[in-house]
Amino acid sequence: MKLLLHVCCAPDAAAPFEVLKNAEKKPWEEIVGYFYGSNIHPADEFIRRADALKFLSMRCGIKILPRPYEPDEWFAAVSHLTDEPERGERCNICFSLQLRAAAEEAVKRGTSHLCTTLTISPHKDAALISRLGAEIAERSGLIWEGRIWRKNNGFLRSVQISKELGLYRQSYCGCVYSKN
Ligand code: SF4
């Protein structure tokens, strides 16, 4: 069994990486992280977050596969939803884009299971993300590893690890709309 974990950013990955690495029963032959990032604005911010993830990856020994930064593709998919609030339809499309890209990579690599760190954030709808992830995994012939990472104080643990490691912690979700 191989797991591809879609990773939205380093702080949100900190606790999931710890849980996966320290699990007493280790069913995974391989765990890799996958970073989408084309939703992030501006490019400097993408680089800052990608660097933080590289650092976390080295500390935890979990490889990260970064996707090339292609913001035009992301903007094209959401440009009709500029006025949507956070947690609205634009975010649903954004989650789907990220999870579909992760699923494509998982299929390419012959990975069996798909998961995401997005469910760690108290600001995001974990049930919706899980449903989208399960649908995308099923359509791609993958098994959805449905984890709600924020359970059992997962979010607090991620904040704690991020502070201990001095990880860059952003103040907005990622896109230009959330920044504004
Ligand atoms: S607020 Fe976050 S989840 Fe919503 S569209 Fe922007 S980057 Fe994506």
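Mind telling me which of the residues Asp72, Asp12, Asp83 ends up being open to solvent by 80 Å² or more (accessible area, probe 1.4 Å) and modelled with pLDDT of 95 or more? Give the steps one after another, and end with the answer.
Values: Asp12 fails: open to solvent by 80 Å² or more (accessible area, probe 1.4 Å); Asp83 fails: modelled with pLDDT of 95 or more.
None of the other options fit; the residue is Asp72.
How many of the residues making up segment 86-97 are open to solvent by 80 Å² or more (accessible area, probe 1.4 Å) and either of a type in the set (Gly, Ala, Ser) or in contact (Cβ under 8 Å) with a residue 60 or more places away in the chain (or both)? The total comes to 1. Applying the set (1) touching a residue at least 40 places away in the same chain (Cβ under 8 Å); (2) within 16 Å of the ligand (Cβ to nearest atom); (3) open to solvent by less than 60 Å² (accessible area, probe 1.4 Å) to Cys60 leaves exactly one unmet item: (2).
Report yes if some residue within segment 84-96 is of a type in the set (S, T, N, Q), assigned to a helix (DSSP H, G or I), in contact with a helix residue (DSSP H, G or I) (Cβ under 9 Å, 6 or more places away or on another chain) and closer than 23 Å to Ile143 by Cβ; otherwise report no. If you could, list the steps in order and put the result at the bottom.
From segment 84-96, those of a type in the set (S, T, N, Q) are 92, 96; that's our starting set.
Within this subset, residues satisfying the condition of being assigned to a helix (DSSP H, G or I) are 92, 96.
Now drop any that are not in contact with a helix residue (DSSP H, G or I) (Cβ under 9 Å, 6 or more places away or on another chain), which leaves 92, 96.
Subset that is closer than 23 Å to Ile143 by Cβ: 92, 96.
Yes, there is a match, as at least one residue in segment 84-96 is of a type in the set (S, T, N, Q), assigned to a helix (DSSP H, G or I), in contact with a helix residue (DSSP H, G or I) (Cβ under 9 Å, 6 or more places away or on another chain) and closer than 23 Å to Ile143 by Cβ.
Pick out, from segment 98-180, the helices (runs of 4 or more DSSP H) lying fully within it that include 2 or more residues that are among the hydroxyl-bearing types (Ser, Thr, Tyr) and open to solvent by less than 50 Å² (accessible area, probe 1.4 Å).
On the way: elements: 126-139, 154-165, 176-179.
Hits in segment 98-180: 154-165.
The values are calculated or read from the model by the stated rules, or taken from the named source; none is laboratory data. These numbers were taken from a predicted model, which means no experiment stands behind them. All Cβ positions, even for glycine, are placed from backbone atoms using ideal geometry, and neighbour counts span all protein chains on display. Side chains are part of the model used for accessible areas, which takes the heavy atoms of the whole protein and leaves out ligands, DNA and RNA. Shrake-Rupley method; radii C 1.70, N 1.55, O 1.52, S 1.80 Å.
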